[in-house]
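Beneath this line is the structure, given in structure tokens, with notes to follow.
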Amino acid sequence: MWISKLSLPPALGALLIFTQPLSNTPQKLASQVRGSSSVQFDNITRAAGIRFVHYKGSKGTSTILEEAGPGVCVADYDGDGWPDIYFVNGRDLYNRGVSARNALYHNNGDGTFTDVTEEAGVPGSAYGLGCVWGDYDNDGFPDLYVTQYGKNVLYHNNGNGAFTDVTDRAGVAAMDWGYPFHTGATFFDYDRDGYLDLYVGGYANFGPASQRNCTIGAKIPTSCRPAVYGGTPPVLYHNNGNGTFTNVTKVAGMYDPKGLNLAVGAGDYDEDGWPDLFVANDGIDAYLYHNNHNGRFTNVAMEAGMALSMSGGAMAAMCISLGDYDNDGHLDLFVSDFQESSDHIWRNEGKGAFDEVSDSVGVTEPTRHVLSFGGGFFDYDNDGWLDLFIANGHVYPEVEIASPGSHYKQINSLFHNNGKQKFIDVSKTSGDGFATPYAGRGVAFADFDNDGNMDVLVANNNDPPLLLHNRGGTGNHFLNFKLIGTKSNHDATGARVRVRTYGMSQIREIMAGGSYLSQSDLRAHFGIGSAKLADTVEVFWPSGLHHAFRNVEADQFYVIQEDKEQLMLQKFRRPVLRSTPKG
Amino acid sequence: MRSRNMAVRFLSSIPPGVYFRRSLPYWMLVWREMPWVKAIVFILLVVSSVAPKAAVCQSSEDQLEVFFRAGQEALRHGEFVRAVEQFKKALALDPTLVEAEVNLGLAYQSLFEYDLAVRHLSKALSERPNLLGPTVIVGVDYLKLGSPEKALPFLLQALKLDPSNREARQALASCYLGQENFRSAAEEFRQIAVLDPDKSEAWFKLGHEYLDLSARLAYRGAHLYRESAWGHRFLGDLLFQRSRWEDALREYRKALDAEPGQSGLHTSQGLAYLHAAKLEEAETEFRLELKLDSSNEQAWLGLANLQLARGQAAAALESLGKVWEISPEFLAVQRGFPSVDLPPESVEATIAQAQGEPEGPAKHFLLATLYATTGENALADRQWKDFQANFLGRQPPSNRVAGGTANQDPCKARRYAACADWLRTRNLADPERLLLGKTYFRLQQYELAAEALAQVRGVSNENAEASYWLARTYNALGAESYARLEESLPNSWRAHQLRAEGYALRQDLEDALKEFQRAQQLRPDEPELHEALGQLYLDNNADDDAQRELEKALALDPSRTHALYLMGRLYVQKRENEKALPYLQRALRLQPDLADASSLLGTAYVRLGQFANAVPKLEKAAPLDHYGSVHYQLYLAYRKLGHVELAQKALARSQDLRRSSLEHDQAVIMGSPQVDTEP
């Protein structure tokens, strides 16, 4: 729970290291209501000290670039146990003297955040779109990659609160093909050599000489759809293990000049031990790059049945989220789509094929009249079933004139998974976090206050973000695991955790990227309902190693290190609380 | 539904007593020659001994009459299943009874059992080929059953019997369209319009048919010639008509990339820029066209439009003067000039400037057209008269080149009337037919243009160009029909409907709704209007309004297949797939060849997980799957049913179609904001 509104910068005062988690004690939980009480989300953005406001930088009618961003990324960059936040920002492209930069907010561990961008040295260098965290050099500190319009930037985490721009040295600016519009990116160890590789999506071929605007309705000017520009190829970088990367896109079979990549996410959908790559494309078929185990990939999206919607049409796919919503042991898929197209859920049949179940699980009608961006699966009520959050918001500010009844800013959606193959829309009853419409874009999930309940962070286009605090109160129990690779990559990206309780089996796969140009906390969070113990917790490491733990006590934040066959507790550094106010 | 209405009309025309005027020798012959009749009588006698009441009844003829009348009665009361039973019984007694055969066929028709209807009616027609009603029904039914080649002889026969039969002509036109015989189809549409006493109806429908022909050719051209400049040009024109200037420009650019020297492309591009208010770019394009051909009248006209938009009267006059020099005939028919909307103050200023210019045909032309836009008709008429005087008084062109002895080719000299006359005297091969068609097009003699262009055969470069001009010709003919409707009956409900459709095409929802509502005020119980309004709402995702209108349409006429299809679409769109089924099923019963309904029903079944039901519907729609989506759904269905090989074939076909068709083409035409799907 949030402690106070004190916002002492971490540099001031002594820091106390606590070994006990700050979650509610089991005794306190016992007194709480059990069962299916409605969880409320509170908008605590300002209370948390977040002052960041996204600047899209448009002049007159927006262009496609100015309506695309932003993403938002969560990681504990300083290892103090509290997830921090990186916001991506636009820029003034018209020399109006407007200053805008990205922002790194340090989680103070007391319910507040502090903008540490300047001292960290991570302002970004161009018009920002998305971001992704990944410890590419396995030094124990997550590094930051920002996708931009123009050269991307890789910030190496020096481990002391500061970062260094190592883009050129690493060779990951992603201007290899000469196209500037980069969107989703993800770190994943595709060759399982213990080093995180990097995939960077290419979007529309939009440049200074491109058509700026199109029309909708009766000649109303607006931004153009991506098909007007055509696509650009992505870049796959292989991590050489020495701080540099090599462009292996063509060798890997991923060079695709017509791609309109937005979200990208890696996950082992066929459970062959090798991470595959899902790519959401905007207006053409989605891609599923199957990892052939030899440094090459094959796009099997059509055969797998998720390239197109069930009616055979291409999607304006913005978001990729992988999660086992039905707890059958296979990663299922969520993809968001355009207004009047409805969003999509595919059930992984486990034989390398996906079956679209959007209609039957109940997400199509509630998402029909919204334009969905980021989001994904997360268990907000800790009942053991992955729920669904979606950020909504249109891309045409002029839509309200062209299509009365449609709105540019839209309310986000929250669906509760009832455990019976149904997602129930509970948006309207989930608190003031769902009261205000925004042009929602990137989404990240994290337990920011380490209270055992997953919170939600939404990046909004040209607006402040939304930090939605999960009040919890269901009485359900949880488990939270931070994995540290030693033979595998340090982030343990690609590792799979399986938790069994009372006959229910859940899986989580550690994956970077996903959502929309964003990244969630890499810790694996499990809600386990009324169980106070997990019968077994297993970890399947990318290196091939397997760990199994029995009778794991609930309501704890654990660390599992690959070279140690024991569960440890996560440590949370806390600021010192002054007993008397200053002055 | 036409054939059912035909059946009803036919039935009501049959007098009850006519079928039993058999001669005594006939019945003696029957008795002697047909042992089964004796058997029936014997059975009846036996039955009469067991069931006296039954015996009191009847001789076989009486029984025949009873069955027959009972069948007729059942038909009149709409009890078609019983009617079938009765007529079958009658035919069991007398298989040669043509009347029973006919009525049985009609009963099956009323049950939408078209194959059975065709069987029995055809049988009857083999005995009595001059029965008009059944002939028409068989023709129409063969079309529904997807056999236009079988329909053709019946429809031609029906028209021999009654040249004024509009149903037969409509069905015949559909036959011809199926064979891509656009010329014959157009002729049938013209004849239908001539036969229709309600002229607002006639012009409205003829206009629609012409535009439909134009669109068919355009889609066909975009598909057949997709790698060529013509394919992109077709698409560009479709987009231009929908006022989607930027999208049209993109297609024209692609056409120019494919064939930089194609005549008229720069002009099309210039016009698109002009409408998009990009005057500099427009001028560049017109001048590029003139670089390729300094005598391109359209380019000069485009320049004149541009110069008017800039308020440059003198420059516009100069450009028009050029057109006059090149081809007075061409200028004389440009009554639609200017093609850009000019603010009233700009028109007045231009008129004032032009009045200060020297007299000449270009000045008369310009003033006439500008006065017409301001509604000063008397002044416009005077200027037209002066222009006509110039036109008639111009020196006929010399047939000899200076100092030479040879005749100048009138076509090359742009003397279009003379060119046409000259070509008509020759045996024409395809290139000359094409030239004749284009010549008539320039003279705005669109019917003659269509006649010539439609005869260019095959799938070839020439046919690509001929198809293109034919599409434009049909478009112009459609516009002419609409113009007649607007001029003669501007306040008719059809005129309002026409305007509504125009607004809807240009995505001006507000004005479209207003016009539809005006039409409905004049014709509140017209199901077609409710259906059209329902579609407009559906296309704009106003589901509740769409449902209301479509339900009204179906309440007025439950057999409107398009309304049924749209209701199905509404429910599929809302993901209430179960509710979509009865509408789509009924639409297909009424019109088995409705590919869209078949495809959509397949989609509904796929979404419901009823893959075995989905497959036959999707397979039926598969031949018209341009973008691969039907084949993709077939893939999903086959995969779920475990038909691995069929699934792979369907997937491969889907991928081929997607590669070759580019889904964005569909979205580009359909105007979806995103692909889709736009689209």
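The values are calculated or read from the model by the stated rules, or taken from the named source; none is laboratory data. These numbers come from a predicted model, not from an experiment. Every residue, glycine as well, gets a Cβ built from its backbone with ideal geometry; the counts of neighbours run over all protein chains shown. Areas reflect the complete protein model, heavy atoms only, side chains present, ligands, DNA and RNA absent. Shrake-Rupley method; radii C 1.70, N 1.55, O 1.52, S 1.80 Å.
Values computed for the structure shown
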| quantity | calculated |
| --- | --- |
| Enumeration of residues in region A:282-306 that are open to solvent by less than 40 Å² (accessible area, probe 1.4 Å), closer than 15 Å to residue A:264 by Cβ and within 13 Å of another protein chain (Cβ to nearest Cβ) | A:282, A:284, A:285, A:286, A:301, A:306 |
| Single condition residue A:343 does not satisfy, out of (1) under 20 Å from the mean Cα position of the chain (by Cα); (2) within 14 Å of chain B (Cβ to nearest Cβ); (3) at pLDDT below 95 | (3) |
| Residues of region B:333-362 that turn out to be closer than 30 Å to residue B:417 by Cβ and in a loop (DSSP other than H, G, I, E, B), as a count | 12 |
| Filtered residue count, region A:200-222, keeping only those that are more than 10 Å from chain B (Cβ to nearest Cβ), of a type in the set (Ser, Thr, Tyr) and crowded, with 17+ Cβ neighbours inside 10 Å | 1 |
| Lone qualifier among A:169, A:192 - being assigned to a helix (DSSP H, G or I) and of a type outside the set (A, V, I, L, M, F, W, C) | A:169 |
| Cβ pairs under 8 Å, 6+ apart, first in region B:245-263 and away from chain A (no Cβ under 14 Å), second surrounded by 21 or more Cβ atoms within 10 Å (Cβ to Cβ) and aromatic (Phe, Trp, Tyr) | B:255/B:230 |
| Yes/no for residue A:489 being over 19 Å from residue A:276 (Cα atoms), open to solvent by less than 30 Å² (accessible area, probe 1.4 Å), of a type outside the set (Gly, Ala, Ser) and under 20 Å from the mean Cα position of the chain (by Cα) | no |
| Residue under evaluation residue B:630, criteria (1) at pLDDT 90 or above; (2) outside any helix (DSSP H, G or I), criterion not met | (2) |
| Residue, farthest from the chain's Cα centre (by Cα), within region B:194-226, restricted to residues that are under 16 Å from residue B:176 (Cβ atoms) and crowded, with 20+ Cβ neighbours inside 10 Å | B:217 |
| Residue within region B:613-623 that is closer than 28 Å to residue B:224 by Cβ, within 10 Å of another protein chain (Cβ to nearest Cβ) and of a type outside the set (A, V, I, L, M, F, W, C) present | no |
| Enumeration of residues in region B:428-455 that are over 19 Å from residue B:326 (Cα atoms), over 25 Å from the mean Cα position of the chain (by Cα) and open to solvent by 60 Å² or more (accessible area, probe 1.4 Å) | B:431 |
| Check on residue A:310, closer than 30 Å to residue A:445 by Cα, surrounded by fewer than 24 Cβ atoms within 10 Å (Cβ to Cβ) and within 14 Å of chain B (Cβ to nearest Cβ) | yes |
| Tally, over region A:542-555, of residues that are open to solvent by 50 Å² or more (accessible area, probe 1.4 Å) and over 16 Å from residue A:532 (Cβ atoms) | 4 |
| Options B:575, B:548, B:569: the member that is under 27 Å from residue B:210 (Cβ atoms) and either assigned to a helix (DSSP H, G or I) or among the charged types (D, E, K, R) (or both) | B:569 |
| Count of region A:429-456 residues which are of a type in the set (A, V, I, L, M, F, W, C), under 16 Å from residue A:471 (Cβ atoms) and buried (at least 24 other Cβ atoms within 10 Å of the Cβ) | 5 |
| Some residue of region A:367-379 being at pLDDT 95 or above, farther than 30 Å from residue A:528 by Cβ, within 11 Å of chain B (Cβ to nearest Cβ) and open to solvent by less than 20 Å² (accessible area, probe 1.4 Å) | yes |
| Test for residue A:87: is it open to solvent by less than 30 Å² (accessible area, probe 1.4 Å) and at pLDDT 95 or above | yes |
| Residue match in region A:238-248 (condition: crowded, with 24+ Cβ neighbours inside 10 Å and away from every other protein chain (no Cβ under 14 Å)) | yes |
| Flag for residue A:348 being open to solvent by less than 10 Å² (accessible area, probe 1.4 Å) and closer than 30 Å to residue A:248 by Cβ | yes |
| Residue that is farthest from the chain's Cα centre (by Cα), among those in region A:556-571 that are acidic (Asp, Glu) and surrounded by fewer than 14 Cβ atoms within 10 Å (Cβ to Cβ) | A:565 |
| Test: residue A:337 is at pLDDT 95 or above and either open to solvent by 10 Å² or more (accessible area, probe 1.4 Å) or acidic (Asp, Glu) (or both) | yes |
| Hits in region B:512-527 - residues which are open to solvent by 50 Å² or more (accessible area, probe 1.4 Å) and within 14 Å of chain A (Cβ to nearest Cβ) | B:514 |
| Matching residues, region B:225-242, being out of contact with any Gly (no Cβ under 9 Å at 6 or more places or on another chain) and within 21 Å of residue B:506 (Cβ to Cβ) | B:236, B:237, B:238, B:240, B:241 |
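Condition check ((1) closer than 17 Å to residue A:364 by Cβ; (2) in contact with a Phe, Trp or Tyr (Cβ under 8 Å, 6 or more places away or on another chain); (3) among the hydrophobic types (A, V, I, L, M, F, W, C); (4) surrounded by fewer than 22 Cβ atoms within 10 Å (Cβ to Cβ)) across all residues:
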| residue | (1), (2), (3), (4) |
| --- | --- |
| B:585 | no, no, no, yes |
| B:598 | no, no, no, no |
| B:612 | no, no, yes, yes |
| B:623 | no, no, no, yes |
